[in-house]
Amino acid sequence: MSPFRLQKTMQSQSATSTAKPVDIGKLYLQSNDSVIKPENLKFFRETRKDLPADELRARFQQDGYVLVKGLLPRETVLSVRKQYFELFSGTGLCKAGYEADGIFGGGKLDDFPTLDMVGRDPNYSRKKNSKLRSAYSKLLVDTSHDLPDYQAMCRHPDLVRFIERLTGWREPLLLKRTQMRPDVPGAEATGVHFDKLHFRGGDPSFITGWIPIGDIQLPGGGLIYLEDSLSLARDIEDRWQRAAVAMGLSDEERINGNNASMMDVPFCAKDMAEFGEKHSRKWLVGNFEAGDILLHDAFMVHASATNKDPTGRIRLSTDIRYCNPDKQIDERWMKMLRLPESWFDGVESEVKPGGQEGNDMETGE
Ligand SMILES: O=C(O)CCC(=O)C(=O)O
Ligand SMILES: [Fe+2]
């Protein structure tokens, strides 16, 4: 029997959380080929949304992140999840009839590339010469990010007010480049990195918000942080920037998130378990419920765990960035994520460019 065959009633979206405590003392968390030992895992520290601003700021500065429970209305987030998967109906992403829950249809992983896979090679789907894959890429990269309820969720007043309280900025600015990621079970997980790599053209004060769109229970994938990693990442970035100067890279090359100064390892490391052990730091993990949000500093080292949800739940999330409007913005991120125009040469007429701004497909994790 397919591991994704479940009683529909068990999976219906619930108004209350479905999250259950997990014993991480026995969990061997996997991220691609790397396995983190249970003794190297630790739970996130949770933050109440009404924590006084000075405590909130002190915590963010010290930990490099805050996990805020129940900041967004649960129904708002669940309704985005439903709309997202309904958009993909006909692609096989979800098992027919399970769009509200987002249960994987169980097809070939190749047919459901991640955003980063398409980012590395926007022609991924075209090369494979499959209409289904082309349509999937178009929905994944272009159409889904236009969903009005999704856009509204990213600008939800409770979220904006929270960012204001956390930072003290007058009107935090949401970068237009936002990324939704539907990770089906077994999909490639996100490698070890910190976000400044991808936002090198702007001030480092920006804050990333990672929003689970639906409940994500361990081991269903999701974001993980390397504990106490801010100074580590700043040192790595300083080293890379000094190497870039020594190599005579142009400004344009220098702000590329994967330039020649970084040698052959994009991001910080290929093996996250090894990276954590080498730096004697634990990986922070947790269960997420719809409505929670993780906010992190530009130098917080993070990655994602492979989705191994036994019920076939797709791990859907978005990562968005808020900036101080009085500081320098990385203008490359003031465009919506779009497939490049060239991708559409010779593509069937029902699949056409999003039309609007932006066609720069380098993704930022
Ligand atoms: O969701 C992911 O896998 C990666 C997200 C990420 O890197 C981020 O939120 O900065
Ligand atoms: Fe990231």
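Some observations on this one:
- If R0 is 35 Å, the Cβ-Cβ spacing of residue 242 and residue 123 corresponds to a FRET efficiency of close to 0.50.
- Ranked for footprinting exposure by Cβ neighbours inside 10 Å, fewest first, 156, 193 give 156, 193.
- Scalar couplings 3J(HN,Hα) for region 191-204, obtained by applying the Karplus form with A = 6.51, B = -1.76, C = 1.60 to θ = phi - 60°, are x, 5, 6, 10, 6, 4, 3, 8, 10, 6, x, x, 5, x Hz; x denotes Gly and Pro.
- Karplus-derived 3J(HN,Hα) values for region 322-328, using 6.51 cos²θ - 1.76 cosθ + 1.60 with θ = phi - 60°, are 10, 10, 6, x, 8, 10, 5 Hz; glycine and proline are entered as x.
- Lys/Arg +1, Asp/Glu -1 at C-beta; region 47-344 dipole; positive extreme among 303, 244, 153: 153
- Remark: the chain carries a charge dipole of roughly 720 debye about the Cα centre, counting +1 on each Lys and Arg Cβ and -1 on each Asp and Glu Cβ.
- Fully extending the segment from residue 61 to residue 152 would add 30.0 nm, taking 0.36 nm per residue of separation and subtracting the current Cα-Cα distance.
- Bridging of residue 127 to lysines at a Cα separation below 25 Å is possible for 108, 138, 352, once same-chain residues fewer than 8 apart are set aside.
- Sequence-distant lysines (8 or more away, or on other chains) whose Cα lies within less than 16 Å of residue 282: 26, 37, 42
- Cα-based reach from residue 131 at 14 Å (exclusive), listing aspartates and glutamates while leaving out same-chain residues under 8 positions away: 110, 111, 345, 348, 350
- Estimated distance in nm for a label pair at residue 334 and residue 231, the labels positioned 7 Å out from Cα along Cα-to-Cβ: 3.6 nm
- Amide proton proximity set for residue 321, modelled H, under 5 Å, gap of 5+: 175, 209
- Relative contact order for the chain, counting Cα pairs under 8 Å that sit 6 or more residues apart, in percent: 30 percent
- Kirkwood hydrodynamic radius of the chain, Cα pairs, Å: 20.9 Å
- From largest to smallest, the equivalent ellipsoid semi-axes obtained for region 195-341 from the alpha-carbon gyration tensor read 28, 20, 15 Å.
Bear in mind these aren't lab numbers, they're just calculated from the coordinates by the rules spelled out. Given the structure is predicted, the values throughout are model-derived calculations rather than measurements. Virtual Cβ from ideal backbone geometry, glycine too; neighbours counted across all protein chains shown.
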